[in-house]
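Below is one structure; the comments refer to it alone.
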Amino acid sequence: MVSWYLKNRRDLPWRQTKDAYLIWVSESILQQTRVAQGLDYYIRFTTLFPDIFSLAAAQPDEVMKAWQGLGYYNRARNLHEAARDVVHNLDGKIPTTYNGLVKMKGIGPYIGAAIASFAFNEKIPVVDGNVIRFISRLAGIYSADRKNFLSTVMNMMDSEEPSLFNQAIMEF
């Protein structure tokens, strides 16, 4: 799977960074959005708000305007509110673990795993409905509960570069 990904991956700006903020923005934008549509929003959003401090300092209407047309506006509100929380309460330092990330407003298990894996190399799988369907077919798992499923996926992941496994799963 990883070897396929390394040959076929798309060149996307959020894959060229370990910056947790930029990865967080990309995952927030891409949630329920196709990459083709999300790419333009990502470029525009990160041009306007290149770091967590600029996003935290922005007015809510500025953030909403940058998000306009993407839909699911609660994602933008949560991103903005969480950025303010990080700047004001965590000295601008985004949590570096999955467990810390999922405590933030708007960051659930999938986005938390993506940020933890891509930015901090934590071995934690990204799992959503598409991943469950893909891995179930690949590994022949059809009746496992979520805990057993996560354990199976964890065993499939490379401990040295878990982000490659997650990127490959997402690319599929």
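The values are calculated or read from the model by the stated rules, or taken from the named source; none is laboratory data. What you are looking at is a predicted structure, and each value in this text was computed from that prediction instead of being measured. Using ideal geometry, Cβ is built from the backbone for each residue, glycine included, and neighbour counts are taken over all protein chains shown. Protein only, heavy atoms only, side chains kept; ligands, DNA and RNA dropped before computing areas. Shrake-Rupley method; radii C 1.70, N 1.55, O 1.52, S 1.80 Å.
Quick rundown of the values:
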{"quantity": "Which numbered condition ASP85 misses (of (1) open to solvent by less than 60 Å² (accessible area, probe 1.4 Å); (2) out of contact with any helix residue (DSSP H, G or I) (no Cβ under 7 Å at 6 or more places or on another chain); (3) within 26 Å of ILE124 (Cβ to Cβ))", "calculated": "(1)"}
{"quantity": "Filtered residues of segment 155-172 (kept if open to solvent by 60 Å² or more (accessible area, probe 1.4 Å) and not hydroxyl-bearing (Ser, Thr, Tyr))", "calculated": "ASN155, MET156, ASP158, GLU160, GLU161, PHE172"}
{"quantity": "Residues satisfying the stated conditions in segment 105-117, i.e. under 8 Å from the mean Cα position of the chain (by Cα) and either under 18 Å from ASP85 (Cα atoms) or open to solvent by less than 40 Å² (accessible area, probe 1.4 Å) (or both)", "calculated": "ILE111, GLY112, ALA113, ALA114, ILE115"}
{"quantity": "Residues (assigned to a loop (DSSP other than H, G, I, E, B), on the phi < 0 side of the Ramachandran plot and either out of contact with any helix residue (DSSP H, G or I) (no Cβ under 6 Å at 6 or more places or on another chain) or surrounded by 18 or more Cβ atoms within 10 Å (Cβ to Cβ) (or both)) located in segment 118-140", "calculated": "GLU122, LYS123, ILE124, PRO125, VAL126, VAL127"}
{"quantity": "Pairs with Cβ under 9 Å, 6+ apart, first in segment 97-114 and over 16 Å from LYS147 (Cβ atoms) and without any contact (Cβ under 8 Å) to a residue 12 or more places away in the chain, second hydrophobic (A, V, I, L, M, F, W, C) and in a loop (DSSP other than H, G, I, E, B)", "calculated": "GLY100/ILE94; GLY108/VAL102"}
{"quantity": "Hits in segment 16-34 - residues which are surrounded by fewer than 15 Cβ atoms within 10 Å (Cβ to Cβ) and assigned to a helix (DSSP H, G or I)", "calculated": "GLN16"}
